[in-house]
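First the structure, in the form of structure tokens, and then the observations on it.
The values are calculated or read from the model by the stated rules, or taken from the named source; none is laboratory data. The structure displayed is predicted, hence computed values, not measured ones. Cβ placement follows ideal geometry from the backbone for every residue including glycine, while neighbour counts extend to all protein chains displayed.
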């Protein structure tokens with residue numbers, strides 16, 4: 001266990017280093033890349049489609065989008081990158097005695113750390129543009145982001161282990177994540193959905209997560225809905241299942257590389 | 001005494017993985033906790049105990065299952081049957097550059113390797129100087145590993161292991177890559193490590209290294225243990241097996257020439273033993289007796305040839321060279337006896353060939369061959385011990 005923690009730390013360190021800090025403008029890209037995406041979405045939806053979200057009257061569309069978009073990017077990026085995290089390290093797993101779960105865990109942790117730095121930066125940018133961010137809401141938001149991280153871990157463990165056996169998975173997961181993105185009230189608000197479909201949307205754990213992030217950081221509302229608690233509980237159960245699933249398969253990974 | 005590692009009835013079957021159908025079926029079986037039992041078997045019923053201070057070599061032909069066995073011992077692979085218990089800090093060097101990532105510098109890879117072995121960054125920092133000194137690859141340490149020569153990769157890998165000083169060191173044919181001076185350095189280190197009570201498990205094709213470093217050997221053939229025990233006994237049997245294998249291939253291409261009149265009626269080696277192949281020690285006396293068919297009054301010439309099991313000639317002598325005549329046993333039977341006293345042959349596998357020749361000693365009539373083994377613990381090289389003294 002102790003050994004695995006050392007190893008995860010080292011893997012996270014080098015993943016961050018290799019992805020950004022080796023290039024000079026590394027840290028800048030961390031903010032610039034999602035900022036540009038945000039501007040593109042902003043341009044398309046605000047200028048072209050003239051999208052109006054009733055809840056976002058006070059803050060404007062872009063901050064409304066940004067508060068949900070960053071965590072989604074962290075989540076989606078983490079899951080997508082974890083798909084190959086076991087197979088790309090097959091050289092290591094095949095030669096050295098190591099618990100394979102350190103690879104998806106390190107990959108997801110590194111991705112989250114990087115995007116959370118970007119998240120903080122974008123919250124600062126929003127404040128600088130004069131839109132009040134409820135900074136006290138950072139603390140409950142942190143708990144919700146923790147659940148998001150656990151959800152990413154749970155899915156990451158599932159897809160990375162399945163990918164050893166079913167190599168097509170890396171082609172299946174990206175469109176699925178795209179579908180999930182549009183099925184989550186990130187670009188729009190749930191109130192724009194016809195009422196008869198709204199309860200379907202609430203089954204999506206991401207709905208509760210992005211809504212509560214907006215509550216905490218933009219509106220300053222700290223009420224916790226039972227649905228959110230239920231989502232948290234479901235995520236914990238899913239994570240436990242994923243760990244069992246992964247450990248059931250991992251002893252045989254070497255046979256299938 | 002505490003056991004560092006114990007294998008009990010270990011077997012390994014690699015499942016078929018070429019078709020997605022096989023992979024899916026295997027996935028389902030794993031999730032349901034069922035065994036996957038179709039596949040190719042590489043190991044069968046291996047039992048092994050490793051005690052502290054042991055030095056064990058695993059030898060065998062290519063594809064015998066040596067590397068799979070090591071992988072099971074290090075925990076990289078799980079056995080299909082049987083149990084593995086390891087109770088020690090283990091460092092393994094399996095294959096060249098295992099666990100190195102090409103894109104990263106040598107220094108980065110040292111950090112990764114160290115964390116794989118359970119070293120904290122603080123502990124590593126204290127040992128970095130020692131590691132760099134042992135690896136001795138200079139400024140290249142900052143270059144990506146993909147630009148390294150294979151020797152440099154091995155240096156790096158071994159250097160990290162020396163810093164960890166594991167209770168059990170497992171190496172797979174890695175010393176073969178380094179240059180002479182680095183090999184010597186590694187062997188020196190391993191000898192020191194063993195003297196300090198370290199435990200070694202190695203795979204090597206160099207019987208010289210095996211005999212130098214290990215007390216015991218385990219010979220694996222087709223996934224099963226063929227022989228285990230004292231390193232000299234096992235390695236000699238293993239080498240003899242190889243020599244016989246290549247001799248067999250040689251013999252297939254050679255024609256039998258027993259058509260002459262003076263053919264060999266019987267050929268025996270003394271002292272006879274119950275073993276299939278008679279065994280001698282260095283310094284023993286070897287006697288041989290040949291009875292030849294003799295169709296006329298003339299006496300045939302006898303030539304004895306001593307060869308290594310692979311057919312390499314060691315010594316040959318004929319009766320006419322020594323002006324010896326056979327003993328007449330009856331009208332058409334004569335006998336030669338020869339005695340080799342104080343055998344100077346080094347341990348290994350040999351054959352004695354009896355060639356009968358016509359009375360002029362010009363034409364070969366018949367050849368028969370008997371194998372025998374010289375056993376003993378000697379690390380001298382070559383075939384025979386030449387009388388020698390070390391002088392001031």
| All helices (runs of 4 or more DSSP H) inside region A:149-257 with 1 or more residues being modelled with pLDDT under 95 and within 30 Å of residue B:67 (Cα to Cα) | A:226-249, A:253-256
| task | Would you point out the residue of region B:110-124, among those that are in contact (Cβ under 8 Å) with a residue 12 or more places away in the chain and not in a helix (DSSP H, G or I), that is farthest from residue A:98 (Cα to Cα)? | result | B:119
| query | Can you find even one residue in region A:65-85 that is closer than 30 Å to residue B:73 by Cα and within 14 Å of chain B (Cβ to nearest Cβ)? | reply | yes
| said: Checking the conditions here, which among B:13, B:84 is in contact with a strand residue (DSSP E or B) (Cβ under 8 Å, 6 or more places away or on another chain), touching a residue at least 40 places away in the same chain (Cβ under 8 Å), surrounded by fewer than 22 Cβ atoms within 10 Å (Cβ to Cβ) and facing another protein chain (nearest Cβ under 10 Å)? | reply: B:13
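Among A:105, A:40, which is surrounded by fewer than 20 Cβ atoms within 10 Å (Cβ to Cβ) and assigned to a helix (DSSP H, G or I)? Walk me through how you get there before you give the answer.
Details: A:105 fails: surrounded by fewer than 20 Cβ atoms within 10 Å (Cβ to Cβ).
It is A:40.
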| Given (1) assigned to a loop (DSSP other than H, G, I, E, B); (2) within 31 Å of the chain's Cα centre (by Cα); (3) at the interface with another protein chain (Cβ under 10 Å from one of its Cβ atoms), number of the condition residue B:73 does not satisfy | (1)
| message | Within region B:26-68, take every residue that is in contact with a strand residue (DSSP E or B) (Cβ under 7 Å, 6 or more places away or on another chain) and at the interface with chain A (Cβ under 9 Å from one of its Cβ atoms) and give me the one that is surrounded by the most Cβ atoms within 10 Å (Cβ to Cβ). | response | B:26
| task | Return a yes/no flag: does region B:128-144 have any residue that is farther than 30 Å from residue B:88 by Cβ and assigned to a loop (DSSP other than H, G, I, E, B). | result | yes
| Of the residues A:232, A:208, A:220, which single one is more than 21 Å from residue A:73 (Cα to Cα) and out of contact with any strand residue (DSSP E or B) (no Cβ under 9 Å at 6 or more places or on another chain)? | A:220
| request: Return yes or no: is residue B:92 farther than 29 Å from residue A:88 by Cβ, within 14 Å of chain A (Cβ to nearest Cβ) and in contact with a strand residue (DSSP E or B) (Cβ under 8 Å, 6 or more places away or on another chain)? | output: no
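Got a sec? Which of A:157, A:187 is in contact with a helix residue (DSSP H, G or I) (Cβ under 7 Å, 6 or more places away or on another chain) and farther than 16 Å from residue A:204 by Cα? Walk me through it before giving the result.
Numbers: A:187 fails: farther than 16 Å from residue A:204 by Cα.
Just one listed residue meets the conditions, A:157.
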| request: Within region B:88-109, identify whether any single residue is surrounded by fewer than 17 Cβ atoms within 10 Å (Cβ to Cβ), modelled with pLDDT of 85 or more, under 29 Å from the mean Cα position of the chain (by Cα) and not in a helix (DSSP H, G or I), and answer yes or no. | output: no
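Only one of A:95, A:3, A:50 is touching a strand residue (DSSP E or B) at 6+ places or on another chain (Cβ under 6 Å) and without any contact (Cβ under 8 Å) to a residue 40 or more places away in the chain; which? I'd like the intermediate steps shown before the answer.
Numbers: A:3 fails: touching a strand residue (DSSP E or B) at 6+ places or on another chain (Cβ under 6 Å); A:50 fails: touching a strand residue (DSSP E or B) at 6+ places or on another chain (Cβ under 6 Å).
Answer to the check: A:95.
I need the strands (runs of 3 or more DSSP E) fully contained in region B:277-334, keeping only those with at least 1 residues that are surrounded by 15 or more Cβ atoms within 10 Å (Cβ to Cβ). Show your work before the answer.
Working: elements: B:279-281, B:286-293, B:301-308, B:313-318, B:327-330.
The strands (runs of 3 or more DSSP E) meeting that bar are B:279-281, B:286-293, B:301-308, B:313-318.
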| query | Which condition number in (1) within 11 Å of another protein chain (Cβ to nearest Cβ); (2) touching a helix residue (DSSP H, G or I) at 6+ places or on another chain (Cβ under 9 Å); (3) part of a loop (DSSP other than H, G, I, E, B) is the one that residue B:23 fails? | reply | (3)
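Per-residue answers, yes or no, for (1) modelled with pLDDT under 85; (2) more than 14 Å from chain A (Cβ to nearest Cβ):
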residue	(1), (2)
B:126	no, yes
B:157	yes, no
B:169	no, no
B:176	yes, yes
B:181	yes, yes
